[in-house]
1. Using the alpha-carbon atoms, what tilt in degrees (0 to 90, nearest 10) does helix B:173-188 show relative to the longest principal axis of chain B?
2. Only protein chains counted, 1.4 angstrom probe. Which residues of the range A:220-246 are at least 30 Å² less accessible in the assembly than when their chain is isolated?
3. In cubic angstrom, how much convex hull volume per residue do the alpha carbon atoms of the range B:1-50 span?
4. Could you work out how far apart the two model spin labels at residue A:94 and residue A:176 are, taking each label as a point 7 Å from the Cα in the direction of the beta carbon, and quote it in nm?
5. Among all the lysines, which ones have a C-alpha under 24 Å from residue A:150's C-alpha, if same-chain residues fewer than 8 places away are not counted?
6. Cα centroids of the range B:172-244 and the range A:18-69: how far apart, whole angstrom?
7. Taking the Cα-to-Cβ direction at residue A:300 and at residue A:230 and moving 7 Å from each Cα, how far apart do the two end points lie in nm?
8. For the range A:211-320, go through all pairs of different Cα atoms, get the mean of 1/r, take its inverse, and jot down that Kirkwood value in Å.
Amino acid sequence: MLSNLLKKGFWYLCLVAVLVFLGWGLTVMTDKIDYTWYWNRIPQYFFFTGEVEKFANENGTIHIQQLDDKFSQVSLEYDIGTKDTFKVRTDSLKFQDGDRVTDVDKVGALQVFSQGILIEGLITTLEISLYSSVLGIIFGLVAGLGRISKNPLIKGLATIYVELIRGTPLLVQIFIFYFFLGTVLQIDRFAAGTMALALFVGAYVAEIIRAGIQSIHPGQMEASRSLGMNYFQTMTYIILPQAFKRIMPPLAGQFISLIKDSSLVSVIAITDLTKAGREISTSTFATFEVLFTIAAMYLMLTLSLSMLVRYIERRFAVSD
Amino acid sequence: MIKIDNICKTFIVGTHVVKAVDHCSTHIKKGEVVVVIGPSGSGKSTLLRCINQLETIDSGQILIDDVDITHRKTNINKIRAEVGMVFQSFNLFPHKSVQENINLAQQKVRKRSKKEANEKTDYLLKKVGIEQKAHVFPSQLSGGQQQRVAIARALAMDPKIMLFDEPTSALDPEMVGEVLEVMLTLAKEGMTMAVVSHEMGFAREVADAVVMMDEGKIIEVGDPEHFFTNPDQERTKLFLSQIL
């Protein structure tokens with residue numbers, strides 16, 4: 001028992017040693033190319049505080065109310081009867097209580113905390129992944145059911161869709177969507193990127209769903225149909241719930257891939273996480289730091305998704 | 001009640017054409033119990049599955065209460081709701097509890113309220129002797145219990161006829177009895193039944209007719225006594241000597 005524990009501990013120590021060695025190798029490599037790390041340039045792209053100046057929008061009277069030792073509540077009562085209220089730093093105030101203000105007078109300023117471009121990029125990546133996942137499931141479900149249809153038209157269309165998408169590079173698909181379809185149909189870059197990703201993931205989801213449905217014993221379909229339930233009811237209540245439980249792991253893998261693949265939409269100038277990173281590199285010259293940072297952010301997204309899926313799987317496993 | 005007229009069903013397996021059911025005709029009257037016997041691969045299951053269109057016939061005609069079930073205008077789902085089927089491998093829905101298994105089609109096809117369905121389910125579970133298992137999942141039941149749930153599920157639709165496709169073949173020997181007992185009760189209550197089975201004891205007790213099939217053809221029909229005492233066909237004699 002104890003010796004087993006020691007053995008395991010030894011290998012854990014080895015793991016740590018290997019990781020330290022790799023980290024050391026990285027610093028040696030960067031020394032070789034005379035690279036200076038400027039990690040301190042990165043945090044401002046997550047969040048920053050900036051000064052926002054507040055102006056009067058009309059002629060009127062100013063009323064000031066001290067809130068605490070730092071901030072004051074300003075309310076501007078304009079002559080035309082409207083009103084503006086906002087908070088400013090007390091030491092930035094240019095007027096006193098009861099003063100007249102005229103249009104475009106600077107009243108004061110306030111320090112605001114805002115999100116940087118990395119956070120905005122992260123949100124864009126999340127949005128585009130979420131929208132294309134939802135659409136992708138719908139496309140995949142329709143195409144997957146089409147693939148097992150007995151009707152040659154439906155089956156043919158579904159097969160052509162799946163083969164066409166799986167046989168061409170995603171990057172090319174994105175270009176086609178943006179430059180060709182985007183121009184013809186007048187859709188913006190975000191919609192074009194989302195649609196390209198959705199169709200892409202849909203083709204893979206279709207194959208996963210088809211395999212999942214076909215893995216359910218035919219007796220399930222027969223039992224349900226023999227009770228008088230139609231094809232649609234049987235799919236909804238009997239086949240798909242069982243199939244979805246089985247295809248959860250490959251489906252999750254597909255959506256994790258999608259998050260990573262979404263970085264390709266940066267080529268059509270959508271400011272996702274990757275594009276945000278490239279923009280920062282050009283202004284800070286901290287290229288490596290930015291690359292490692294966005295890689296870590298992608299990793300954070302994919303790891304939390306796979307943890308969520310593992311949790312759901314455990315919850316689902318109860319009824320078997 | 002059920003009239004099977006000259007039906008054929010062929011399967012194409014690779015390059016072989018298998019005549020699973022070859023020009024078969026028979027009929028089952030209301031309240032009758034018909035037991036179909038025959039060696040494996042003789043087409044008895046296929047014949048049964050044709051009755052509720054799990055297999056579509058190539059030619060011939062099947063009438064249930066004078067309705068041609070293969071006619072283009074016949075709503076097959078309606079027919080199937082009237083024809084209960086019990087499978088060799090139970091085919092319960094593993095992701096649903098026993099109660100949900102029996103409730104589902106009642107609610108979705110018969111449009112009963114949840115309360116009505118529950119009442120029917122409770123009644124049927126009592127009838128098949130497993131009323132305490134309503135809330136467990138099929139995988140937690142023994143084979144015999146699962147098959148009894150399957151029978152209850154089919155009965156919940158108030159079928160006019162029950163089809164049993166080798167209902168005891170997949171069971172451990174000590175569980176055969178409990179399933180047969182339920183089937184005997186049903187037969188004695190006057191349910192119309194078509195049973196593919198080699199349980200000759202069951203046949204002897206309740207069957208009105210026994211149908212012997214071989215190589216897709218019905219080769220002999222008679223009452224059970226006829227089969228036990230003096231079957232006409234050599235093939236039937238050979239077959240019965242092997243299973244009895």
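The values are calculated or read from the model by the stated rules, or taken from the named source; none is laboratory data. None of the values given here were measured: they were computed from a predicted structure. As a convention, Cβ positions derive from the backbone with ideal geometry for all residues, glycine included, and neighbour counts pool all protein chains shown. Note: areas computed on protein heavy atoms with side chains; ligands, DNA, RNA excluded. Shrake-Rupley method; radii C 1.70, N 1.55, O 1.52, S 1.80 Å.
1. 90
2. At a threshold of 30 Å² (probe 1.4 Å), the residues of the range A:220-246 that become less exposed are A:220, A:222, A:223, A:225, A:226, A:227, A:228, A:229, A:233, A:237, A:238, A:242.
3. Looking at the range B:1-50, the number lands at 71 Å³ per residue.
4. 5.8
5. Cα-Cα hits under 24 Å: B:9, B:19, B:73, B:78.
6. Taking the Cα centre of each part, the range B:172-244 and the range A:18-69 sit 85 Å apart.
7. 5.0
8. 17.2
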